[in-house]
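**Student:** So that we are looking at the same thing, I have put the structure below in structure tokens.
Every number here is computed from the coordinates shown, using simple stated rules; none is lab data. Quantities reported herein were computed from a predicted structural model and do not represent experimental measurements. Cβ placement follows ideal geometry from the backbone for every residue including glycine, while neighbour counts extend to all protein chains displayed.
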Amino acid sequence: MQKFLLTGCLVALLWSCESKKDYQQETDTFLQTYAAQYQKLYTVSSEAEWASNTKIVEGDSTNAIATRQANEAFAAFTGSKENIQQVQSLLEHEDQLKPIQVKQLKAALRAAANNPQTVAAVVKKRIKAETEQSEKLYGFNYKLNGKSVTTNQIDEILRTETNPAKRLAAWEASKEVGTVLKSGLVNLRQLRNETVQALGYHDYFSYQAEDYGMKREEMMALMRKINQELKPLYRELHTYARYEFAKKYNEKQVPDMLPAHWLPNRWGQDWSSMITVAGSNLDAALKPKGVEWQVKQAERFYQSLGFPALPASFYTKSSLYPVPAGEKYKKNNHASAWHMNLEKDVRSLMSVEPNAEWYETTHHELGHIYYYLTYTNPDVPVLLRSGANRAYHEAMGSLMGLAAMQQPFLANLQLVNAKTKTDQVQSLLKEALNYVVFIPFASGVMSEFEHDLYAKNLAPADFNNRWWELAQQYQGIVPPNKRDDKHADATTKTHINDDPAQYYDYALSYVILFQLHDHIARKILKQDPHATNYYGNKEVGKFLASIMHPGASVDWRQVLQEKTGEDLSARAMVAYFQPLMDYLKAQNKGRKYTL
């Protein structure tokens, strides 16, 4: 009897092992075939999208049609009923599969949820609507005083103009595109929700949040927590800015809320240009160097850390500079990085000009590019060639943007005089007006608006009211004039249209970047986090590459814990700006707080 039981156990064990092996083999076979076709169609789609973003000709729909067709083909494959059924069938045996196989299958299922062919007509309509919305946004003819202007020109006015009337005109011109985009957003909201509801998601915001392994309620709770952690500092910055701007624009009465056109950014998400740190006038130092130097210098920075030179195709295929005067086409001026074929064809779409803002942006965008290149390796399957989560991608870019702006680094490049003593508090203030000011916009206004848009089906008549209600609640910003419901000021932000329901990525990326920077400064460089110089340090490069290399094949929480020794927290960000609090409280003594 004992012998029989033993034999029976061995048979069962052997059967179990064989069964496990069979499922793993079946999964590998499916994934190999799926990934090859996925990569092929992804590449065609990327090329079509690239053409649509880099050459927009009014009245010519050639690129738009090609983009729609490519995206429809990609959607038909990723969302095919056969693929969905096969993935779901394999996931029924998840406990018998390798973790890397499970991750790939779930990635395939997420791709399917965005394009399920069980509702093929809806997916087709959504793709058409998205293409048309992008063309309207990037092909819009902005007019100021009757003359056509670019968004770069509007941004320059808002950064430098001191005449409130001229600022108001530029701000109003930047918002006119919203009236053209509103109906498109209403349509896209319905189509995006219907698309993901076909595979069981409540709404599109919930679908996007699930990429972090979180429900939408958990994501919004995290956003509100981050806001609360940084609110004391933001409150000081808001008070400081109200009084400083009132002085600058000769307003005797300091308003309780900041008029939107007073701010040096169309959405009030970055106020850093209101401060010029003595001895570090980067615009003046960068202007004679030209635009090509900025991109090449960003590449040299990464190479100094041990990363390879960019592929030659990066420079021949990218669109890095503004459209030359006289050309009959336009392009998307919003900076972005592209992983065209999930291999080594990497490109950047920018409109680089020789100033501090674009200097930082080039370092940021190349952060994405080097992330692509690093996780494009034999250890990472095609379906997992992305960041540990979406925020990690932005964190890498923003981290390098921060590092490239620190005084010792700038002195090393002779962009500032190393002997000139800079005001450390003013430097910190300038950084806070970028990084801290961004948080209420990203985790507050944008995240709350898109949550309500998709999860609560916000009524179109309430779009503008809700947008400005949130801007006042989180940013302490109000519109300079009456905005009625024909306007849709939210849609003037490109992400609302073509990168939807995931702007919290950027808020989380800032939290992560300060955790990474704190670790690099204290544990690797042994330097003050406020005055670092990463340049040439191979240990820093190894640390960053170790995060980049596995892509999405590892759990993002585990990565953060292993690399920094702590879970996601705004602690490092709050600590970084703590020295600024005493200064701001002294400046704001006797002033009225309104947030």
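**Student:** Using alpha-carbon positions, what is the distance between the centroids of region 221-275 and region 89-116, in Å?
**Tutor:** Result: 45 Å between the Cα centres.
**Student:** Moving to a separate point now. What range in the chain is the longest one free of chymotrypsin sites (Phe, Trp or Tyr not before Pro) that are in a loop by DSSP and have at most 15 other Cβ atoms within 10 angstrom? Walk me through the numbers on the way to the answer.
**Tutor:** Values: sites that count: Y249, Y329, Y593.
For chymotrypsin sites (Phe, Trp or Tyr not before Pro) (loop position, at most 15 other Cβ atoms within 10 Å), the longest site-free span of the chain is 330-592.
**Student:** Multiply the residue separation of D528 and T150 by 0.36 nm, subtract the distance between their alpha-carbon atoms, and state the gained length in nm to one decimal. Intermediate values should be presented prior to the final figure.
**Tutor:** On the way: separation 378, 0.36 × 378 = 136.08 nm, distance 4.01 nm.
Length gained between D528 and T150: 132.1 nm.
**Student:** Can you tell me the orientation of helix 504-519 relative to the chain, as the angle in degrees between its alpha-carbon axis and the longest Cα principal axis, to the nearest 10?
**Tutor:** The answer is roughly 90 degrees.
**Student:** Which of the aspartates and glutamates could a cross-linker span from K430 if the Cα-Cα distance has to be under 16 Å and same-chain partners fewer than 8 positions apart are dropped?
**Tutor:** E236, E244, D270, D283, E357, E360, D582
**Student:** Considering only DSSP states other than H, G, I, E and B, which trypsin sites (Lys or Arg not before Pro) in region 189-221 qualify as loop sites with at most 11 other Cβ atoms within 10 Å?
**Tutor:** Numbers: sites: R189, R192, K215, R216; in loops: K215.
Qualifying residues, ordered by number: none.
**Student:** I would also like to ask the following. Run the simple label-point estimate for Y329 and T316 please: 7 Å along Cα→C-beta, distance reported in nm.
**Tutor:** 1.8
**Student:** May I ask which of K81/K456; K136/K331; K136/K493; K182/K215; K215/K456 have a Cα-Cα span longer than 22 Å here? Intermediate values should be presented prior to the final figure.
**Tutor:** Working: K81/K456 29 Å; K136/K331 12 Å; K136/K493 13 Å; K182/K215 28 Å; K215/K456 15 Å.
Check vs 22 Å cut-off fails for K81/K456; K182/K215.
**Student:** Pairing the Cα long axis of helix 390-404 with the longest principal axis of the chain, what angle in degrees results, from 0 to 90 and rounded to the nearest 10?
**Tutor:** 40
**Student:** Report the trypsin sites (Lys or Arg not before Pro) located in region 219-326 that are in a DSSP loop and have at most 10 other Cβ atoms inside 10 Å of their Cβ, or state none.
**Tutor:** K252
**Student:** Non-local amide H neighbours of V149 (under 5 Å, H modeled in plane, Pro and chain starts lacking H): which ones?
**Tutor:** Y142, K143, L144
**Student:** What is the angle, in °, between the Cα long axis of helix 290-304 and the longest principal axis of the Cα atoms in the chain? Nearest 10 is fine, range 0 to 90.
**Tutor:** Long axis of 290-304 versus the principal axis of the chain: about 50 degrees.
**Student:** So, R0 is 30 Å and r is the distance between the beta-carbons of Y243 and T420; what FRET efficiency does that work out to, to 0.05? Spell out each step's value before the answer.
**Tutor:** On the way: r = 28 Å, r/R0 = 0.94.
Once the sixth-power term is evaluated, E becomes 0.60.
**Student:** Going by amide H atoms built from the backbone, whose H comes under 5 Å of the H on A570, apart from near neighbours?
**Tutor:** Counting only residues 5 or more places away or on other chains, the set is empty.
**Student:** Report the convex hull volume per residue for region 113-242, counting only C-alpha atoms, in Å³.
**Tutor:** Numbers: hull volume 18.5 nm³, N = 130.
Looking at region 113-242, the number lands at 142 Å³ per residue.
**Student:** Could you give the nm distance between label points at E566 and V186, where each point is 7 Å from its Cα heading toward the beta carbon?
**Tutor:** Output for this residue pair reads 4.7 nm.
**Student:** Which whole-Hz ³J(HN,Hα) couplings does region 138-153 yield from phi under the Karplus relation 6.51 cos²θ - 1.76 cosθ + 1.60, θ = phi - 60°, glycine and proline marked x?
**Tutor:** 7, x, 5, 9, 6, 10, 9, 6, x, 10, 5, 9, 8, 5, 4, 5
**Student:** Under 37 °C and 0.692 mPa s, how fast does the chain diffuse according to Stokes-Einstein, given a Kirkwood radius computed over C-alpha pairs? Answer in µm²/s, whole number.
**Tutor:** Numbers: Rh = 25.6 Å.
Here the translational diffusion coefficient equals 128 µm²/s.
**Student:** Suppose every Lys and Arg Cβ carries +1 and every Asp and Glu Cβ carries -1, with no other charges. What dipole size does the chain come out with about its Cα centre, to the nearest 20 debye? Intermediate values should be presented prior to the final figure.
**Tutor:** Working: 69 positive and 66 negative charges, 230 e Å.
It comes to approximately 1100 debye.
**Student:** For the chain, what is the calculated [θ] at 222 nm in deg cm²/dmol (nearest 500), taking -39500 (n - 2.57) for each run of four or more DSSP H residues and dividing by its residue count?
**Tutor:** Details: 24 runs with 355 residues, N = 595.
Taken over the chain, the calculation gives -19500 deg cm²/dmol.
**Student:** Using DSSP to call loops (not H, G, I, E or B), can you name the GluC sites (Glu not before Pro) in region 275-350 whose Cβ has at most 13 other Cβ atoms within 10 angstrom? Please list the in-between numbers first.
**Tutor:** Numbers: sites: E292, E299, E327, E343; in loops: E327, E343.
Answer in residue order: E327.
**Student:** Hey, what do the phi angles of region 528-539 turn into as Karplus ³J(HN,Hα) couplings, whole Hz, using 6.51/-1.76/1.60 and θ = phi - 60°, x for Gly and Pro?
**Tutor:** 5, x, 7, 8, 9, 9, 6, 3, x, 8, 5, 5
**Student:** Farthest toward the dipole's positive end in region 58-187, which of L144, T78, G59, given Cβ charges of +1 (Lys, Arg) and -1 (Asp, Glu) about the Cα centre?
**Tutor:** Checking the options against the dipole of region 58-187, the answer is L144.
**Student:** Additional query: For K215 and A586, what is the calculated FRET efficiency with R₀ set at 56 Å and r taken between the beta-carbons, to the nearest 0.05? Working shown, then result.
**Tutor:** Details: r = 43 Å, r/R0 = 0.77.
It comes to 0.85.
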